[in-house]
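First comes the structure, then the notes that go with it.
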Amino acid sequence: MKPTNKPFLDSFADSFNVGDLVFWTEWDRNENFQYVSEKFYGAIIKIKQRKNIHSERTVWVATVLPYGHSRTRDISLHLLRKETN
């Protein structure tokens with residue numbers, strides 16, 4: 001199989017735009033040590049390529065400003081879903 005020079009998650013890059021309202025799910029443990037999922041919402045501020053720290057391969061990430069927060073977060077595009085009514 002021939003390796004590609006495209007960034008990882010390249011197929012997701014055309015699915016999102018700056019300004020899109022998105023959500024994603026993260027797992028955590030509660031006080032009883034049970035796994036629970038929490039859904040987060042935010043707006044895409046920037047879409048960029050970043051070097052993966054584990055493989056040195058470039059990946060697509062979105063800089064997202066979560067609702068109610070003042071700090072942005074970089075999240076891999078494949079973890080995001082568009083918010084629709």
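The values are calculated or read from the model by the stated rules, or taken from the named source; none is laboratory data. On a predicted model such as this, the values are computed, not experimentally measured, just so you know. Virtual Cβ from ideal backbone geometry, glycine too; neighbours counted across all protein chains shown. Just so you know, the surface numbers come from the protein's heavy atoms only, side chains and all, with ligands and any DNA or RNA stripped out. Shrake-Rupley method; radii C 1.70, N 1.55, O 1.52, S 1.80 Å.
Roll a 1.4 Å probe over the protein heavy atoms and report the accessible area of Lys6 in Å², nearest 10. Result for Lys6: roughly 120 Å² accessible.
Using the Karplus relation 6.51 cos²θ - 1.76 cosθ + 1.60 with θ = phi - 60°, the per-residue 3J(HN,Hα) values for the range 57-72 come to 8, 6, 10, 8, 9, 10, 8, 10, 9, x, 4, x, 10, 10, 10, 7 Hz, with x marking Gly and Pro.
Take the alpha carbon gyration tensor of the chain, find the square roots of its eigenvalues, order them as a ≥ b ≥ c, and report rounded if a/c is under 1.5; if not, report prolate when a/b exceeds b/c, else oblate.
Verdict is oblate for the chain.
Between Asp20 and Leu65, the simple label model (points 7 Å from Cα in the Cβ direction) yields a spacing of 1.8 nm. Residues in the chain average 78 Å² of solvent-accessible surface per residue, probe 1.4 Å, ligands and nucleic acids excluded.
Here Phe12 sits with roughly 70 square angstrom of accessible surface, probe radius 1.4 Å. Surface composition of the chain: carbon plus sulfur atoms contribute 51% of the solvent-accessible area (1.4 Å probe, protein chains only, all chains present).
Full extension of the chain segment joining Ser76 with Trp27 gains 16.1 nm, where the gain is 0.36 nm per residue of separation less the Cα-Cα distance. Spacing of the modelled spin labels on Glu56 and Gln34, each 7 Å from Cα toward Cβ, amounts to 4.6 nm.
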